[in-house]
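For reference, the structure discussed in these notes is given below.
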Amino acid sequence: MSRISPELIARLFDRHAAALELFAAQWIPAPADVVQEAFLKLVRQGRVPDRPAAWLYRVVRNGAISAARRDARRQRNEQTAIGLSRLRLEADGENPLDAELAARALEALPGEKREVVVARIWGGLTFEEIAEFADISSSEAHRRYEAALAVLRKSLGVTWLTKTAATKR
Amino acid sequence: MVDENSSHQEISGEEIEDRSELERALALLKPSASSIDRDSFLFLAGRASVETVRPGGQFRQWMWPAATLLSSLAAVVLSVILVTRPQPAAAPVDMRTAKATQVTPGVSVATAEPSSAGETQPASSTATQDQELALAPPSRDEAARELASGTNYPRLRSYVLAYGVNALPDPAPIRAQSPDSLRDEPRTQRELLRALLQDRAAVKTSTHSAG
């Protein structure tokens, strides 16, 4: 393990901060604090872990789950924002998928599959790295990912087909 | 059968293609920009990195808890020592036992100091009596000496408590042997010789004056 440099922190932040917030948003409505705390923890540690991205995802995951447990009682009393997805995705003009629908489909996934999809697609993690933070084998991570994509394809089916047809035309 | 297999392969191939397309489409969606302010985060990160490097950080962290623990331990040890230490020999005598032994001052002094009064203890004295004697107030002579020297106040007080003020000895004869009177006497051989010469000179002058 080498020492942490400011450049590395800045690079990790630029690469992973948004994806980590999306990842933590699975459990908590305001994930910024947890993500920032994970980065600061990495800085305080002083040493770069073998797989920094996997380390960050693990810390964010643990922090978000702890925060969700802590705030569970408060959240139960609060009025939940019905119809609004907690996972925020943005689409550019050429994308055949509707961002809001995709986010809802993603939210409908079981938690263990959703976290694999988010970490793989938006975090860019390998299955080994996903296996590391999720405490599963890499083959199990791959299996969950495939299963999640199959579910997403079914749930986005109509929109997906119509949009791709329109794009092809 | 062959047709079924080939159709299955076609479906799975199509599915795979579909999945990869879905994967690509999902990857094109971007997560919302981070709500963390980059500049303030980098400032906090810089401060956090300095905090970890600062020398003596661990020491400062543990200094006060360690000091508290040590002082608490010292307090406990001292308390245990205070509770379990043996009673001092000159402890004040219990008033009830003192009253029981006090008949008259003269009699009580005689029982308290067998060596000076020339009396012996009865043979049937038990261990408890020995203990009482060990804790007994000082004898009359001791009290007189202490009264003259002005030292060992607690022992003198226990004597007064046990026998009363009237039992205190007359301080006049003691003063004759007080250290003040001893101070005039010669202590070294040279002083003794000088005193003898002075005495002899005084005798001579007196005989001359008489003659």
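The values are calculated or read from the model by the stated rules, or taken from the named source; none is laboratory data. These numbers come from a predicted model, not from an experiment. FYI the Cβ positions are ideal-geometry reconstructions off the backbone, even for glycines, and counts take in every protein chain you see.
Tabulated results
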| item | result |
| --- | --- |
| Of all residues in region A:1-36 being of a type in the set (D, E, K, R) and facing chain B (nearest Cβ under 10 Å), the one that is farthest from B:Lys30 (Cα to Cα) | A:Arg3 |
| The listed residue being modelled with pLDDT under 70 and of a type in the set (Ser, Thr, Tyr), out of B:Ser158, B:Ser149, B:Ser206 | B:Ser149 |
| Members of region A:116-143 that are crowded, with 20+ Cβ neighbours inside 10 Å, within 14 Å of chain B (Cβ to nearest Cβ) and assigned to a helix (DSSP H, G or I) | A:Val116, A:Val117, A:Val118, A:Ala119, A:Arg120, A:Ile121, A:Phe127 |
| Among residues of region A:5-27, those that are crowded, with 23+ Cβ neighbours inside 10 Å and touching a residue at least 40 places away in the same chain (Cβ under 8 Å), counted | 7 |
